[in-house]
Amino acid sequence: MRKFLVVLDDSRECLNAMRFAAMRAAHTGGGVQILSVIPPDEFNHWIGVGDIMREEARERIHAHFDVFAKWMHDKQGIDPELVIREGEPVPEIMAQIREDAEIGVLVLGAGSDKKGPGPLVAQLSRTSGELPIPITIVPGELSKERLEAIT
């Protein structure tokens, strides 16, 4: 089964990427894999404090995932899988793509403010010619209705 890989982070545009991935998967018989990357700089503290912070980050990720997973299941009939990795986001995304041969499309949300589309879109679009799969960049300002029409 072809999977749509979507990155779960704290950005506003992440929501549209999740919606797009779920809708496309539902319409094409695919699946959704949600990847969340915990950056290593969050744990540059004493060992005990770092372990507590790591566990809290995982709990936050699971709480956000549960919301998206319920929506995907209830609205699109999709049961996404969650993958949590630790490291720098771009290398971890690339590693996940290399390690899971079923991933067929990377879905990213693009911000629409003056700061640009966001760090992941900027970094991954620079190396997109070297990726083994296509990237779909979903504008963060698209309405739900427009997303439904597109997918």
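If you check every pair at least six apart or on different chains, which have Cβ atoms under 7 Å apart with a residue in the stretch 73-94 that is on the phi > 0 side of the Ramachandran plot and of a type in the set (G, A, S) first and a residue that is at pLDDT below 95 and assigned to a helix (DSSP H, G or I) second?
The qualifying pairs are G87/P40.
Exactly one of these conditions fails for G104: (1) under 17 Å from D10 (Cα atoms); (2) buried (at least 16 other Cβ atoms within 10 Å of the Cβ); (3) not aromatic (F, W, Y). Give me its number.
Only one criterion is unmet by G104, namely (1).
Which residue, of G30, G116, G111, is at pLDDT below 90 and surrounded by 14 or more Cβ atoms within 10 Å (Cβ to Cβ)?
G111
Which residue, of A63, A22, is out of contact with any Phe, Trp or Tyr (no Cβ under 7 Å at 6 or more places or on another chain), crowded, with 16+ Cβ neighbours inside 10 Å and at pLDDT 95 or above?
So the residue among A63, A22 that is out of contact with any Phe, Trp or Tyr (no Cβ under 7 Å at 6 or more places or on another chain), crowded, with 16+ Cβ neighbours inside 10 Å and at pLDDT 95 or above is A22.
Could you count how many residues in the stretch 66-94 are over 21 Å from N16 (Cα atoms), of a type in the set (G, A, S) and modelled with pLDDT of 95 or more?
Total satisfying the criteria: 0.
Which of the residues that make up the stretch 84-125 are touching a helix residue (DSSP H, G or I) at 6+ places or on another chain (Cβ under 6 Å) and closer than 23 Å to T28 by Cβ?
I103, V107, L108, G109, A110
Only one residue in V105, V138 is within 16 Å of A22 (Cβ to Cβ), in contact with a Pro (Cβ under 9 Å, 6 or more places away or on another chain), at pLDDT 90 or above and among the β-branched types (V, I, T). Which one?
That would be V105, the only listed residue that is within 16 Å of A22 (Cβ to Cβ), in contact with a Pro (Cβ under 9 Å, 6 or more places away or on another chain), at pLDDT 90 or above and among the β-branched types (V, I, T).
Could you list all residues from the stretch 113-151 that are over 16 Å from the mean Cα position of the chain (by Cα) and within 24 Å of K75 (Cβ to Cβ)?
Of everything in the stretch 113-151, those that are over 16 Å from the mean Cα position of the chain (by Cα) and within 24 Å of K75 (Cβ to Cβ) turn out to be E141, L142, S143, K144, E145, R146, L147, E148, A149, I150, T151.
The values are calculated or read from the model by the stated rules, or taken from the named source; none is laboratory data. Predicted, not measured: the structure shown is a model, and the values here were computed from it. Note: ideal-geometry Cβ built from the backbone for every residue, glycine included; neighbour counts use all protein chains shown.
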